[in-house]
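Student: Sharing a structure with you now.
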Amino acid sequence: MSSRRIPAVLAILCMLVPMLTGSISTANQDDDSSGESPEDIWSTQYIEQIHPWGGNDRIQFKSYHDYFTMKDRMMQLAEKDYQYQGQSVNIMSFHEGLNGGTNARGVEMTVNSYEGHFYSHSSPWLKITGGGEELNGVDGGECNDFVGDCGNYADIPDIQMIGNFHAREWMSYEVPMMFLETIAHYYGMAGIDNDGDGLVDEDTWGDSDGDGQLDDDGDCLSLASNFQDSNGDGIACGPGDLGVDEDFSEQQITDLVNTREIYLVPMLNVDGNRYDREVFCGEDAWNCDSAGWRKNLRDNTVS
């Protein structure tokens, strides 16, 4: 990975940790209860992790997407109208598999070459970019006939996020979907009070003030100790706890989209995921103790 891509990847990971680990339990423990409670500081929506984009339990990350709901949501967000400083920008394009052509090994590939073996699904993916040539987004730049995308700019680096290489890695496609929802909702915005405490951008991702504490504004640390480990991982005021990295910079999200070409592939192994949850182990396949489907382009039902 080139050095200029590393900050973008780190920014993505910092963005997603507090959002996906924030399903919370604020049950009392036998600890010192002196200090504030979550209700003293934040909005109910933030405390209960109700995301501002609305939607059903899958869109709210209270339950797992399946292949069909994930694909539908990707298509829906790709068609959304996005604005940057009063200008309409197409920042997303939806794709499935690749168009094909002669690959780097001299092998002729077709659209069918990228379909799964069992259900013949191609992996859905999004091209995301805003920048380049006065914000032509995914409509500007060069087009790649083999891949099927436009919005390729020589001076903008590429980054890629891929989930669900193996069928059982359900959380691995929820992470890219959370990234997608966050971009889709906050692109073009700035100065949003994400936690309802009346402040803006006071606790961005990571230890932004360099004091050794992830909780930059100290609101998690001000809680009674029995509320400081809201995600139950044994670490007080750590990643994913209430009040940690909770009020991020929307401008940073917009800048990320405008200065990168992002290839988002939430569910690579679509056939395997669908077969596992519909046929092999059922809807609880993520918790099944049998071997799962490992690769998308071979018949895993016999090998």
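Read the figures in this text as sums done on the coordinates, not as results from a lab. Computed from a predicted structure; not experimentally measured. Cβ atoms come from the backbone with ideal geometry, glycine included; neighbour counts cover every protein chain shown.
Student: If residue 133 passes every condition in (1) in contact with a strand residue (DSSP E or B) (Cβ under 8 Å, 6 or more places away or on another chain); (2) farther than 21 Å from residue 114 by Cβ but one, which one does it miss?
Tutor: Going through the list (1) in contact with a strand residue (DSSP E or B) (Cβ under 8 Å, 6 or more places away or on another chain); (2) farther than 21 Å from residue 114 by Cβ, residue 133 breaks only (1).
Student: Please verify whether the range 107-128 includes one or more residues that are crowded, with 18+ Cβ neighbours inside 10 Å, touching a residue at least 12 places away in the same chain (Cβ under 8 Å) and farther than 30 Å from residue 285 by Cα.
Tutor: The answer is yes, given that some residue of the range 107-128 is crowded, with 18+ Cβ neighbours inside 10 Å, touching a residue at least 12 places away in the same chain (Cβ under 8 Å) and farther than 30 Å from residue 285 by Cα.
Student: Additional query: Scan the range 251-282 for residues that are part of a helix (DSSP H, G or I) and over 24 Å from residue 75 (Cβ atoms) and report the count.
Tutor: Selection size over the range 251-282: 6.
Student: Still on this structure, I have one more. Examine the range 79-98 for a residue that is surrounded by 12 or more Cβ atoms within 10 Å (Cβ to Cβ), free of Cβ contacts under 8 Å to residues at least 24 places away in the same chain and not in a strand (DSSP E or B), and state whether such a residue exists.
Tutor: no
Student: What about residue 262, is it touching a Phe, Trp or Tyr at 6+ places or on another chain (Cβ under 7 Å), buried (at least 18 other Cβ atoms within 10 Å of the Cβ), of a type in the set (A, V, I, L, M, F, W, C) and in contact (Cβ under 8 Å) with a residue 24 or more places away in the chain?
Tutor: Answer is no for this residue.
Student: Something else: Is it the case, given these coordinates, that residue 202 is of a type in the set (Asp, Glu) and under 30 Å from residue 96 (Cα atoms)? Spell out how you get there, then give the answer.
Tutor: Details: of a type in the set (Asp, Glu): yes; under 30 Å from residue 96 (Cα atoms): no.
The answer is no for residue 202.
Student: Return only the number of the condition from (1) part of a loop (DSSP other than H, G, I, E, B); (2) among the charged types (D, E, K, R); (3) surrounded by fewer than 17 Cβ atoms within 10 Å (Cβ to Cβ) that residue 219 does not satisfy.
Tutor: (3)
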